[in-house]
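The values are calculated or read from the model by the stated rules, or taken from the named source; none is laboratory data. Quantities reported herein were computed from a predicted structural model and do not represent experimental measurements. Using ideal geometry, Cβ is built from the backbone for each residue, glycine included, and neighbour counts are taken over all protein chains shown. For accessibility, only protein heavy atoms count, side chains too; no ligands or nucleic acids. Shrake-Rupley method; radii C 1.70, N 1.55, O 1.52, S 1.80 Å.
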Amino acid sequence: MTSNDEYVLQLLTERGFIDHDQVEAAAKSMKAEDETTLDVLVSSGTISEDDVLGTIADQFGLNYCHVNADAIDAEIVKEIPADIAKKYGVVPVVADEESITVALSDPMGYDAIDSLRYVLHGRDVQAVISPRAEVQAAMAKLYQTEAPADVQTRDEFGDVDGDASGDDAPVIKLATMLITNGIKMKASDIHLEPMEKEFRVRYRIDGALRKMDSPPKRLQGAIISRIKIMSKMKISEKRVPQDGRIQITVNGKDLDLRVNSVPTNHGESIVMRVLDKSNLALGLPQLGFLSDDQTTFERLIKLPDGVVLVTGPTGSGKTTTLYACLGQINTPDKKLITVEDPVEYQMSGINQVQVNKDVGLDFSAALRSILRQAPNIIMIGEIRDDETADIAMEAALTGHLVFSTLHTNDAPSAVTRLLDIGVKPFLVASALRAAMAQRLVRAICEKCREEYTPTDRELKMLGSFAKTRPEHMFHGAGCDRCGKSGYKGRKGIFEIFKVDDTIQRLIFDHAPATLLRQRAREMGMRTLREDGMLKVANGMTSLSEVLRVTMGDAD
């Protein structure tokens, strides 16, 4: 009946026209090879064709009406030649000087309309949905020809050569294209945003959002519904936020997408977070460490016990860093367990626990349970409350190495944050081995990287970070590889705060973060800005990038 019965059955079930038992019964009673479950439901009278097509037309923002060849003016028929009408499976019903309205039987054949606009030299083409038998009969009578074969067998107007499968239905192809294009452009997030007059698509690439060509506004509802079906959300529920997940293979690479929908004034906004498993292959050198910091951090993550924290705002690469740590220390002689919400990447050789608050499995409950599994190393996705923090600290004091994250602006503030959420000072002082703050800066594109002469202002801002006064600095000129941005990929800048005996005493005395920071600086800690400036001098990133992400770092 349509080019994707699975989608239609889901839609009809969500809207209450049929239920799962009726669908299963119809699926079992199919007899003919080319008969579908939807065909059985209609032929048995479980649901009418009017209800099916009317519902789908409404979903696509189109009108549903019956078509009668006797009511169509012969002059209007001349507007579309017979071969074009047959090719796209349409019948013209109304026309004026500026536009023409056609009837078609497949609501998901929207690309037929776009193709017609091109064939008719840009003329505005509108569509109404009509029963297939009526479209076929009208076509045969008006054009004195047999009903087109492609309409008889399948109303899949994007498949005029007859070589597409049901999965190639236009809306499905478009939704899949939005995802695959984002993945091919190395987007970390795909944003589908309903605006008042457009359906905006943006990709976050190297931390910056880029606006893409937008699909027609009239397809907004259909595309969002398709994404929700792919991520196993309820398509009929549009009033509350929902979360889902999509697994997809692009160019032979398996990817997961974490999907979130939020109702807005003009429809549901969808954000898909791309979880690329190839990131697991990143080692510490690929994260952007300078050699001395890398040596320091490698020594920290090989300690036998204690707590090591990675801090920074959302999107600063904390999870990637933690996974890189686990990948480096994951050996057959050690048992590693993680507690995550959600489990973003599946890692071989590591026991990963998914938090499930619906059954009472929060971070603290999961952490208590996994301690009975006698792990050597524990990774907690995030320390959010005092109970989780206390258990993590006590685990570290009983011989476990614990990794976790916190949302703080700099590394010494991790101590203040732990004390603020209620962890006793002696626990923090005894268990914490180090905290590392990080940010992500865009790396200069290697293909279009070029030298330029720095201005006096730039040299002044670099100051003592450059070992000598550089005659040249680097920037990206912009090329096809980097989308004319001058940047390709991202690297981290870091601030490593190590806990020594003096800092332990300061923590025990509940000293403020300023004193902790002062002591860390005396021990040689580089601030985020200092680390960034060194990487500017080395040609890894640009001065503007470092200033952008370290605006709060005055040191």
### Message
Once you place label points 7 Å from the Cα toward the Cβ at Phe426 and Lys211, how far apart are they in nm?
### Response
6.0 nm
### Message
Using a 1.4 Å probe on the protein heavy atoms, what percent of the accessible area of region 170-224 belongs to carbon and sulfur?
### Response
51 percent
### Message
For q values of 0.17, 0.18, 0.26 Å⁻¹, compute log₁₀ I(q)/I(0) with the Debye formula on a Cα-only model of region 273-333, without solvent.
### Response
-0.63, -0.71, -1.33
### Dipole in debye (nearest 20) - the chain, about Cα centre, beta carbon charges: Lys, Arg +1; Asp, Glu -1
3020 debye
### Query
Which net charge results for the neighbourhood of Ile18, defined as the other residues with beta-carbon distances under 11 angstrom from its beta-carbon, given Lys and Arg at +1 and Asp and Glu at -1?
-4
#### Entry: Three-way shape label, region 348-474, alpha-carbon gyration tensor, a/c 1.5
prolate
### Message
Can you compute the helix-only [θ] at 222 nm over the chain? Use -39500 (n - 2.57) per DSSP H run of at least 4 residues, normalise by all residues, nearest 500 deg cm²/dmol.
### Response
-10500 deg cm²/dmol
### Task
Report the extension gain between Lys232 and Asn265 in nm, rounded to one decimal, defined as 0.36 nm multiplied by the number of residues separating them, less their alpha carbon distance.
9.6 nm
### Task
Report the full-extension gain for the segment Gln126 to Asp480: residue separation times 0.36 nm, less the Cα-Cα distance, to one decimal in nm.
123.7 nm
### Task
Calculate the dipole size of region 241-301 relative to its Cα centre from +1 charges on Lys and Arg beta carbons and -1 charges on Asp and Glu beta carbons; express the result in debye to the nearest 20.
160 debye
### Message
Multiplying the sequence separation of Ser348 and Lys141 by 0.36 nm and subtracting their Cα-Cα distance, what value in nm do you get?
### Response
68.1 nm
### Task
With a 1.4 Å probe and every protein chain left in place, work out the accessible area per residue of region 223-378 in Å², rounded to a whole number.
46 Å²
### Message
Within 11 Å, Cβ to Cβ, of Lys424, how many net charges do the neighbouring residues add up to if Lys/Arg are +1 and Asp/Glu are -1?
### Response
-3
### Message
Can you give the local net charge around Leu322? Use residues other than it whose beta-carbon is closer than 14 angstrom to its beta-carbon, Lys and Arg +1, Asp and Glu -1.
### Response
-3
### Summary
Taking region 1-57, the equivalent ellipsoid from its C-alpha gyration tensor has semi-axes in Å, biggest first, of 16, 12, 10
### Selection from Gln126, Ala85, Ala374, by position along the positive dipole direction of the chain (Cβ)
Ala374
### Task
Measure nothing but the geometry: give the 0 to 90° angle between the long axis through the Cα atoms of 386-397 and the longest principal axis through the Cα atoms of the chain, rounded to 10°.
50 degrees
### Query
So what are the three principal axis dimensions of the chain from its Cα atoms, in whole Å, longest to shortest?
94, 60, 41
### Task
Could you compute the FRET efficiency for Arg521 and Ala32, with r as their C-beta to C-beta distance and R0 at 51 Å, rounded to 0.05?
0.05
### Whole-Å semi-axes of region 458-543's equivalent ellipsoid (Cα gyration tensor)
35, 16, 9
### Query
About the Cα centre of region 32-88, what is the dipole size in debye to 20, counting +1 per Lys and Arg Cβ and -1 per Asp and Glu Cβ, all else neutral?
220 debye
### Task
Note down the Stokes-Einstein diffusion coefficient of region 221-297 in µm²/s, whole number, using a Kirkwood radius over alpha carbon pairs, 4 °C, and 1.567 mPa s.
87 µm²/s
### Query
Helix 110-119 versus the longest principal axis of the chain: what angle, 0 to 90°, nearest 10, using Cα atoms?
70 degrees
### Task
Please sort by residue number the trypsin sites (Lys or Arg not before Pro) in region 448-519 whose DSSP state is loop and whose Cβ has at most 16 other Cβ atoms within 10 Å.
Lys467, Arg481, Lys484
### Message
Viscosity 0.692 mPa s, temperature 37 °C: what is the translational diffusion coefficient of region 302-404 from Stokes-Einstein with a Kirkwood Rh over Cα pairs, rounded to a whole number of µm²/s?
### Response
240 µm²/s
#### Entry: Amide H partners (placed H, <5 Å) of Gly486, local residues excluded
Gly478, Cys479
### Message
Can you compute the modelled spin-label distance between Lys460 and Lys447, with each label point 7 Å from Cα toward Cβ, in nm?
### Response
3.8 nm
### Query
In whole angstrom, how far apart do the alpha carbon centroids of region 33-85 and region 213-250 sit?
25 Å
## Note on the structure
Here the convex hull volume per residue of region 46-110, taken over Cα atoms and given in Å³, is 105 Å³
### In degrees, nearest ten, helix 318-329 long axis to first principal axis of the chain (Cα)
70 degrees
